[in-house]
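Some notes on the structure that comes next.
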Amino acid sequence: MTRTAPFPVTLASDFGSPYPAAMRGVIRRRTDAEVIDVSHDLPRGDPRAAAFWLRFVLPEFPPAVHCAVVDPGVGTDRAALAVRAGAHVVVAPDNGLALPPARALAGEETRRATGRGGDDVDVYRIDGFDPASSTFHGRDVFAPAAADVREAIAASVVEGTTGGTREVSEALQDLAWLTRVDDYADARLPEPTVRDVDGGSAPVAVEGEVVVVDDFGNVITTVPGEYVRGRDRVRVNGESVPVGETFADVPAGDPLVTTGSHGYAECDVNDGRGADAFGLSPGQRVEFRFG
Amino acid sequence: MTRTAPFPVTLASDFGSPYPAAMRGVIRRRTDAEVIDVSHDLPRGDPRAAAFWLRFVLPEFPPAVHCAVVDPGVGTDRAALAVRAGAHVVVAPDNGLALPPARALAGEETRRATGRGGDDVDVYRIDGFDPASSTFHGRDVFAPAAADVREAIAASVVEGTTGGTREVSEALQDLAWLTRVDDYADARLPEPTVRDVDGGSAPVAVEGEVVVVDDFGNVITTVPGEYVRGRDRVRVNGESVPVGETFADVPAGDPLVTTGSHGYAECDVNDGRGADAFGLSPGQRVEFRFG
Amino acid sequence: MTRTAPFPVTLASDFGSPYPAAMRGVIRRRTDAEVIDVSHDLPRGDPRAAAFWLRFVLPEFPPAVHCAVVDPGVGTDRAALAVRAGAHVVVAPDNGLALPPARALAGEETRRATGRGGDDVDVYRIDGFDPASSTFHGRDVFAPAAADVREAIAASVVEGTTGGTREVSEALQDLAWLTRVDDYADARLPEPTVRDVDGGSAPVAVEGEVVVVDDFGNVITTVPGEYVRGRDRVRVNGESVPVGETFADVPAGDPLVTTGSHGYAECDVNDGRGADAFGLSPGQRVEFRFG
């Protein structure tokens, strides 16, 4: 059996269909790498929410070049970035989208190798791709840049090895159209606000916000699951709701709070849509109150 | 030209986007097998309707490991199954989803080889995957199990051969984390009720139910097409409707009954949505009355 | 690293999900070629609008067999076509869908090779695929025909070369189930109507129509971008609107006219839906008036 060539190119965007096909074509014309679609239904025009999803799913992949485009500033003078994270590279507009998944990729790779964390990344500005359009840099800049980064990495990896952080670092350093930069946008999620009473060690409430509502209608918040896990009930914006490990811990149609597979507290309904039941949508504040 | 390694992994779920990307990443990390998306818009939380679709589309594939997750009971103690069907394997939760496509896969493969039917399957329980989450066993159990089953099969197939039922059977028997079981859920579609009069041999009516409404709005029923095919008109829940071979047998906007490509009677509208015109949705009863 | 076998098969349709999975299975059973999804959300039942999208995205691909199915006449006596365009082949129903992308593929390939245009295509009728269904020729005719065309091309290409127009031409000529035809449907977009005054050389208005509304709500018209590009403002059906290079040239929520990445004038809203703001949908007339 043949082995798939390492270093696939993954594709993620908010483009829906059929625009991503143009990106697949451009990439296939420049490289034989495997092309894997991550999603083309990322939150439209919302780099921070898109970064949440990419931070969640990209670390599952083996080393790859991840081309990610959620780009409300397309055609303005915002730069294009290539961010090295371990042996991964994230190619994306300079609007904050790249950094959260890049840190997660670097941390996960370090953790797998050493058992410890670590999220060092190198950020490069991409030059030299002259876009034919002002509205589709996914096709004109990010897809060809991702393909060419991938080819540069593949060329630097000695036959029979898979290539590690060092080879990928060197491959990027050798590309004339990449320039190391220290100044770039970063779409960190806001830290939740923890409220306690009289300096007590246990929080009485944690306030965060809704990052995204997923396709099931689950409301994903910025509050880490550790604040709700193990409790019997919490009050969500004043309303008392059971805490469960999984949906089936409450009857069908009933609301619950769980810790999602991404590690954050979710407001859900078993066999229903949490967003409707809780009346919550992205950007809204959500308070979990205990005791 | 290189040949694609045999035994691709197919992926099907009701997860929408972007959760399936996490599954693709997990699989790609564990195997070089080709990964082919079947659909991630299977009927949400409805293993029986999802099984209908999988029974329809999976038999078109060459031998593969099919990872299918429609799992309203995720995080409960329902088991995970690997079902061998000919040289195919279906990896799915133990909620009925796996068996209808597995029987179809076994039957189709036997028919192709011998000209006769046959739907023997071996059902195994999957153990040994300790899920990190209670709500995303697609990522934590089913994807890695499917990848590892595929690798076990690939390792057992002699270089240059494609691998048949015997090799796949032996590969599964050798896996310590698979245990043969005789007790498992099965989501068979209900048999339609055939009504005749005074013991006459020709039915006067057949009553079934709506399984799914497809993306075109076509209403797919549990009534085999043989009951309607060749007739001029039938009454659908009392309303007389022409029977056609294809949509264009009636003017645009008009209703008709056809036999779909899956072999079942459909209630359709040419260039329109049958579900709207007939007022039918999944789970509802539908009676076809003749003469 | 292995090289991907050349001549992938691309798949495009208006089938949504999960019908395309049956086509992927059929193709994978007959060929090891890479299968790349273009889109399965092409404008439903509208070959002309679907042809617009295919003409836009397919020329980005390297030589491939493009299987495209938007087929409101499925099951009638409309033919199936294989259209050679440079070293590409488009397999599609004879309803106009194939010709616009085929001419674009031929022209782009000629332009890349010679710097000049050119859009010569050979049109063949496909016979010999006996469909099992009257409603899913995507599975029964187009997918197997595309796979078999691809295999014929692959067999004719000398090991180590990539195959060019001559090899592809010869491969198609040798297939007994293909017959050259001169009579076929062609879904050309209507030419816009240019209005001037008193024989003046500069147009005072151009009238076209809406081809498609994309997933962002951008209204794409049949009017080439050259008519609006560089202007300060235009009147769209009487309403004065700024012309921009990209969305961010106007404040969020404001309307603008741009030239899309496909080269046609679009009616858009920055961070909003042009279709809603302009009240325009596919098929409607749109007039751009200048000065």
Taking every residue of A:263-273, the Cβ atoms of other protein chains inside 10 Å of its Cβ average out to 1
Listed residues B:S39, B:S17, B:S133; largest mean-square fluctuation, Gaussian network over chain B with Cα springs below 10 Å, found at B:S17
A 1.4 Å probe over the protein heavy atoms gives the stretch C:9-180 a carbon and sulfur accessible-area percentage of 45
Sorted shortest first, the nm distances from the B:V194 label point (7 Å along Cα→Cβ) to its counterparts in the other copies are 6.9, 6.9
For the stretch A:248-291, the Cα convex hull volume per residue in Å³ comes to 97
In debye to the nearest 20, the charge dipole size for the stretch B:9-180, taken about the Cα centre with +1 at each Lys and Arg Cβ and -1 at each Asp and Glu Cβ, equals 260
Sites removed, the longest contiguous part of chain B containing no DSSP-loop trypsin sites (Lys or Arg not before Pro) with at most 12 other Cβ within 10 Å is B:4-115
Which of A:A187, A:A82, A:A22 fluctuates most in a GNM of chain A (C-alpha springs under 10 Å)? That residue is A:A22
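Classify chain A as rounded, prolate or oblate from the Cα gyration tensor: take a ≥ b ≥ c as the square roots of its eigenvalues, call it rounded if a/c is under 1.5, otherwise prolate when a/b beats b/c and oblate if not.
Values: a/c = 2.09, a/b = 1.88, b/c = 1.11.
Prolate is the answer for chain A, as a/c is 1.5 or above and a/b outweighs b/c.
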Quarter of the surface of the C-alpha convex hull for the stretch C:9-180, i.e. direction-averaged projected area in nm², equals 9.0
Rounded to the nearest 10, the angle in degrees between the Cα long axis of helix B:143-156 and the longest principal axis of the Cα atoms of chain B comes to 70
Largest fluctuation, C:A154, C:A21, C:A80 only, Gaussian network model of chain C with Cα springs under 10 angstrom, belongs to C:A21
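Quick one: putting +1 on the C-beta of Lys and Arg, -1 on the C-beta of Asp and Glu, what dipole do you get for the protein assembly as shown around its Cα centre, in Debye to the nearest 20?
The calculation lands at about 760 debye.
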Averaged over residues of A:242-248, the number of beta carbons from other chains lying within 10 Å of each residue's Cβ is 5
The computed P(r) of the stretch A:141-291 puts the percent of Cα pairs beyond 23 Å at 52
Quick calc, chain A, dipole around Cα centre from Cβ unit charges on Lys, Arg (+) and Asp, Glu (-), nearest 20 debye, gives 260
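How shielded is A:31-44 by partner chains, expressed as the average number of their Cβ atoms within 10 Å of its Cβ atoms?
Rounded to a whole number, the mean comes out at 4.
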Reduced to Cα centres, the span from the stretch C:44-103 to the stretch B:42-70 in Å works out to 29
Here the FRET efficiency for A:F129 versus C:R188, based on Cβ atoms and R0 = 35 Å and rounded to 0.05, is 0.60
Along the dipole axis of chain C (charges at Cβ: +1 for Lys and Arg, -1 for Asp and Glu; origin at the Cα centre), the most positive-end residue among C:F216, C:A50, C:P6 is C:P6
Taking the alpha-carbon centre of each part, the distance from the stretch B:249-276 to the stretch C:179-215 in Å is 34
Label points for B:W177 built 7 Å along Cα→Cβ; distances to same position in the other copies, nm, shortest first, come to 4.3, 4.3
Per-residue accessible area, 1.4 Å probe, largest first, puts B:T135, C:T193, B:T10 in the order C:T193, B:T135, B:T10
Percent relative contact order for the stretch B:9-180, counting Cα pairs under 8 Å at least six residues apart, stands at 23
Within the under-14-Å Cβ sphere about C:V257, not counting C:V257, Lys/Arg +1 and Asp/Glu -1 give a net charge of -4
Rounded to the nearest 100 Å², the accessible area buried between A and C, both sides, probe 1.4 Å, is 2800
Taking Lys and Arg as +1 and Asp and Glu as -1, residues besides A:A51 with C-beta under 11 Å from its C-beta add up to +2
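Classify the protein assembly as shown: rounded, prolate or oblate, from the alpha-carbon gyration tensor (a ≥ b ≥ c, eigenvalue square roots; a/c under 1.5 rounded; otherwise prolate if a/b is larger than b/c)?
Rounded shape, in that the Cα axes give a/c under 1.5.
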Regression test value, accessible area per residue of the stretch B:9-180, probe 1.4 Å, units Å², expected 32
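The values are calculated or read from the model by the stated rules, or taken from the named source; none is laboratory data. Keep in mind that what you see is a predicted model, and the values were worked out from it rather than measured. Quick reminder, even Gly has a Cβ in these numbers, built from the backbone with ideal geometry, and neighbours come from all protein chains shown. Accessible surface is based on the protein model in full, side chains and every heavy atom, while ligands, DNA and RNA are left aside. Shrake-Rupley method; radii C 1.70, N 1.55, O 1.52, S 1.80 Å.
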